[in-house]
Amino acid sequence: MTDVSAARAVVDCLKAEGIRHVFGIVGSTFLDVLDVLHDDRSVEYVNVRHEQGGAFMADGLARVTGRPAACLVTSGPGATNLVTGVAGAHLAHSPVVAIAGGSPLGVQGRDAFQELDLVALFRPMTKLSIQVTRPERIPEMLRLAFRTAMAGRKGPVFVDIPRDVLNDQAIRADVLAPDRYRPTHAPPPHPEAIRAAARFLARAERPLLLAGGGVTWAEATDLVARLVRRHALPSITAYGRNDAVSNDEPLYVGPLGRAGSPEAAQACRRADLLLVVGSRLGQFTSFYDARYVQPGTALVQVDVDGRDIGRVYPVAVGIQADARETLAALLDVLAEERVGQTPEAWQQEARELRARRHARLEAESALDAVPVKPQRVYAELRRALPPDTIVTLDAGAAPAYGYDRLHFTRPRTLLTPLDLGGLGFAFPAALGAKLGRPDAPALAIHGDGGFLMNAQELETAVRHGIAAVALVLNNNCWGSEKAYQRHFYDARYVGTDLSNPRYDRLAELFGARGYYAERPGLIGEMVRDALTSGRPAVIEIPIDPDEFPVPATAARRRNG
Ligand SMILES: Cc1ncc(C[n+]2csc(CCOP(=O)(O)OP(=O)(O)O)c2C)c(N)n1
Ligand SMILES: [Mg+2]
């Protein structure tokens with residue numbers, strides 16, 4: 001035990017977790033911590049322009065590294081501005097530890113300046129929301145925060161450290177390595193469950209792997225590859241999780257769910273056994289009905305969180321365990337029992353569905369209208385993006401075309417707003433991703449509406465030298481919602497039209513690079529140039545303002 005300042009203890013706890021970036025905006029409640037960082041440059045305080053952007057950055061960083069990420073913000077509005085980003089991390093199972101220097105404990109209950117019940121505010125959108133009430137408990141409570149964020153299914157944690165608990169306090173503290181206070185081995189499956197799963201796989205005529213985010217969080221992509229190759233098992237991916245299986249696998253059909261591929265939907269309907277690994281079969285993967293997952297299809301479902309097994313669709317075998325441990329055990333048992341490859345006819349069906357998808361997308365390369373069709377943008381991107389590019393997709397109609405149209409071969413290369421569906425996610429998430437994986441190109445794909453929600457982070461990108469690129473597909477409207485008004489309200493448009501500045505010029509005003517691609521032929525080269533320029537950049541593409549997909553909830557808009 002050594003005597004340190006409480007602020008030093010906070011920094012040491014972050015360092016023990018390997019945290020190198022902390023996102024937030026300076027506030028008087030936690031200046032002791034910033035003062036420690038003046039001399040200790042091993043942790044960089046990324047001072048952002050809106051705390052929401054900071055939370056999305058932390059989420060992006062956590063998702064591409066698989067490690068915890070941190071925010072540090074001030075009381076009151078500093079914390080309330082975090083809310084949307086923390087909610088996003090919650091629905092993405094992303095281990096973001098959000099720390100607020102809270103208003104003083106000594107005046108709690110007097111409606112003091114910026115006093116709010118932050119613990120209550122964050123409770124519904126975190127795995128854990130706590131307040132530290134004694135300086136000497138700071139290390140213990142931060143370890144609780146990281147243990148909770150990282151154990152089992154991951155997720156965000158909120159910690160309020162009141163300013164009079166944090167500043168001008170000396171404590172006795174030990175620095176512990178994470179393996180001293182949180183589990184480092186993931187839970188294995190029950191052997192009987194694995195044998196049952198193997199029996200179902202051996203008997204199935206049309207087995208299909210549905211891989212979700214749990215595969216990625218468990219670092220199980222290589223084992224998925226081994227399973228699908230060894231057993232010639234066709235595969236599809238869950239909503240927004242296209243990178244859970246290498247899309248190069250010859251029997252990978254496509255992404256299921258909202259804005260996904262019709263061929264993947266067809267494969268899912270045809271399957272007699274669905275091996276669901278690391279997906280909770282959420283609304284935008286399954287729609288909770290029988291449009292993809294058929295009542296007659298047997299389900300073997302693997303999830304680290306027992307809460308989601310058989311939640312909507314009854315299972316034949318439910319396995320509460322880590323995806324990597326489960327795949328390893330399953331491969332062993334399948335080998336022991338000499339289970340071979342899936343029937344040739346089913347392999348052939350999967351190959352045909354895959355080829356049909358590729359031909360459908362390839363045909364879009366010929367769309368040469370001006371203004372550019374969004375589909376053509378993705379045809380250009382498929383050619384221009386290096387395989388290690390991290391793509392972040394925003395909410396909105398034009399970004400949504402990307403769910404079915406981009407190609408991923410490596411884990412942790414697609415980040416989407418998932419079930420929060422929050423606009424303004426993609427650019428800050430790409431900045432966080434770029435900090436986490438500086439060698440990988442990072443591309444955020446936005447509509448014009450969503451981009452302006454966090455465009456202020458261009459200044460953060462320029463100042464911190466974070467070379468992420470934003471592609472803004474400009475149709476001068478809140479297109480995804482305008483599509484509803486077109487299809488269901490006789491094109492009576494209210495509240496859906498926008499007028500925008502030139503985003504390439506806006507970028508230049510911030511000191512970033514700006515590109516304007518009016519014609520489809522310009523896109524590929526501009527994207528390549530921007531991604532290799534070593535500077536943050538914005539590429540605006542004016543797109544056809546009349547090109548919207550039919551809304552996903554078309555048939556069910558009243559309750560969808
Ligand atoms: C923070 C937030 N506010 C509102 C919405 C509702 N919403 C979903 S998509 C969308 C339109 C997005 O417009 P834009 O970013 O320009 O993309 P487009 O659909 O035009 O391609 C809106 C308003 C949302 N998802 N998130
Ligand atoms: Mg738009």
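The values are calculated or read from the model by the stated rules, or taken from the named source; none is laboratory data. A quick note: this is a predicted structure, and the numbers were derived from the prediction, not measured. Counting neighbours? That spans all protein chains shown, and the Cβs are built from the backbone with ideal geometry, glycine included.
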Query - Residue within the range 478-490 that is within 16 Å of ligand 2 (Cβ to nearest atom), assigned to a helix (DSSP H, G or I), touching a helix residue (DSSP H, G or I) at 6+ places or on another chain (Cβ under 9 Å) and of a type in the set (S, T, N, Q) present - result: yes
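Scanning for something free of Cβ contacts under 8 Å to residues at least 40 places away in the same chain and surrounded by 24 or more Cβ atoms within 10 Å (Cβ to Cβ), does the range 48-55 turn up at least one residue? Talk me through it step by step, then tell me what you get.
Within the range 48-55, the subset free of Cβ contacts under 8 Å to residues at least 40 places away in the same chain is 51.
Right, trim to surrounded by 24 or more Cβ atoms within 10 Å (Cβ to Cβ) and you get 51.
Among the residues of the range 48-55, at least one is free of Cβ contacts under 8 Å to residues at least 40 places away in the same chain and surrounded by 24 or more Cβ atoms within 10 Å (Cβ to Cβ), which makes the answer yes.
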Report task. Go through the range 461-477 residue by residue and tally those that are more than 16 Å from ligand 2 (Cβ to nearest atom) and either outside any strand (DSSP E or B) or without any contact (Cβ under 8 Å) to a residue 60 or more places away in the chain (or both). Result -> 8
Requested in this report: Output yes when any residue across the range 290-312 is over 23 Å from the mean Cα position of the chain (by Cα), under 23 Å from Arg226 (Cα atoms), at pLDDT 95 or above and crowded, with 20+ Cβ neighbours inside 10 Å, and no when none is.
Outcome: yes
Query raised in the report: Of these, Arg437, Arg486, which one is under 21 Å from the mean Cα position of the chain (by Cα) and surrounded by fewer than 24 Cβ atoms within 10 Å (Cβ to Cβ)?
Result: Arg437
Query raised in the report: Is there any pair with a first residue in the range 316-344 that is over 21 Å from Arg270 (Cα atoms) and a second that is of a type in the set (Ser, Thr, Tyr) whose Cβ atoms are under 9 Å apart and which are 6 or more apart or on different chains, and what are they?
Result: Ile319/Thr326; Ala323/Thr216
Query raised in the report: What's the number of the condition His464 fails, among (1) touching a Lys or Arg at 6+ places or on another chain (Cβ under 8 Å); (2) over 23 Å from Leu91 (Cβ atoms)?
Result: (1)
Query raised in the report: Can you find even one residue in the range 111-123 that is modelled with pLDDT of 95 or more, assigned to a strand (DSSP E or B) and surrounded by 20 or more Cβ atoms within 10 Å (Cβ to Cβ)?
Result: no
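Suppose we filter the range 498-515 for residues that are out of contact with any Phe, Trp or Tyr (no Cβ under 8 Å at 6 or more places or on another chain) and either away from ligand 2 (no atom under 16 Å from the Cβ) or over 16 Å from Leu471 (Cα atoms) (or both); how many remain? Let's see the steps before the verdict.
From the range 498-515, those out of contact with any Phe, Trp or Tyr (no Cβ under 8 Å at 6 or more places or on another chain) are 499-501, 505-513, 515; that's our starting set.
Now narrow it down to the ones that are either away from ligand 2 (no atom under 16 Å from the Cβ) or over 16 Å from Leu471 (Cα atoms) (or both): 499, 505, 507-513, 515.
Result for the range 498-515: 10.
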Query raised in the report: Any idea how many residues of the range 422-454 are more than 15 Å from ligand 2 (Cβ to nearest atom) and part of a strand (DSSP E or B)?
Result: 2
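State all residues of the range 160-209 that are closer than 30 Å to Val300 by Cβ, charged (D, E, K, R) and in a helix (DSSP H, G or I); if no residue qualifies, say none. Write out each step before concluding.
Filtering the range 160-209 down to residues closer than 30 Å to Val300 by Cβ leaves 182-209.
Now restrict to residues that are charged (D, E, K, R): 182, 192, 195, 199, 203, 205-206.
Answer for the range 160-209, where residues must be closer than 30 Å to Val300 by Cβ, charged (D, E, K, R) and in a helix (DSSP H, G or I): Glu192, Arg195, Arg199, Arg203.
Scan the range 461-484 and give yes if some residue there is away from ligand 1 (no atom under 15 Å from the Cβ) and farther than 25 Å from Leu385 by Cα, otherwise no.
We begin by selecting, within the range 461-484, every residue away from ligand 1 (no atom under 15 Å from the Cβ); these are 461-469.
Filter again for farther than 25 Å from Leu385 by Cα, leaving 463.
Yes, the conditions are met somewhere in the range 461-484.
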